[in-house]
Amino acid sequence: MNWFILVLAGLFEVGFAACLAKAKDTAGGERIFWYAGFAASLTLSMALLIKAVETLPIGTAYAVWTGIGAVGTVLIGILVFKDPVSFWRIFFLTSLLGSIVGLKLVSH
């Protein structure tokens, strides 16, 4: 169950990064909405990470959490914000994803 909680924490990390990206492109009340989303996502991400590390090794949990956030944020950048796509970006993204899965497989 704590692996599920950790993945969810990583997804909320993607959420707070996406909210920051949207906030910079808006103004006024809409910007406040995105900053509120950032704060809520950040709070949920941290709370879930805290819960997950009660039983998971901190080094593994933190690496997986940041990895999920990094992979997810790059994918959101490509799919939503039209960030550039290149062979090397996809290669290293795939390498990072493989490393995250590997950490899960070798952790108890």
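Annotations for the structure displayed:
- For a label point 7 Å along the Cα-to-beta-carbon line of ALA63, residues of the stretch 85-108 with backbone N under 17 Å: 93-108
- Debye, to nearest 20: dipole size of the chain, +1 on Lys, Arg Cβ, -1 on Asp, Glu Cβ: 100
- Built from the Cα atoms of the stretch 1-90, the convex hull projects on average onto 6.3 nm², one quarter of its surface area.
- With the helix formula -39500 (n - 2.57) applied to DSSP H stretches of n ≥ 4, the chain reaches a computed 222 nm mean residue ellipticity of -29000 deg cm²/dmol.
- Among VAL85, VAL74, VAL14, the largest mean-square fluctuation in a Gaussian network model of the chain, built with springs joining Cα atoms closer than 10 Å, belongs to VAL85.
- Counted charge near TYR35, where neighbours are those whose Cβ lies closer than 11 Å (Asp, Glu -1; Lys, Arg +1): +2
- Pairwise label distance in nanometres, VAL101 with ILE50, each label 7 Å out on the Cα-Cβ vector: 3.3
- Loop-located trypsin sites (Lys or Arg not before Pro) across the stretch 35-108 with a Cβ neighbour count of 12 or fewer within 10 Å are LYS82, with loop assigned by DSSP.
- Relative contact order for the chain: 33 percent, from Cα pairs under 8 Å spaced at least 6 residues apart, divided by residue count.
Taken together, the values in this text are just the output of simple stated rules run on the coordinates, not laboratory data. For clarity, every value in this text was computed on a predicted model and none was experimentally measured. Here Cβ is always computed from backbone atoms with ideal geometry, including for glycine, and neighbour counts include all displayed protein chains.
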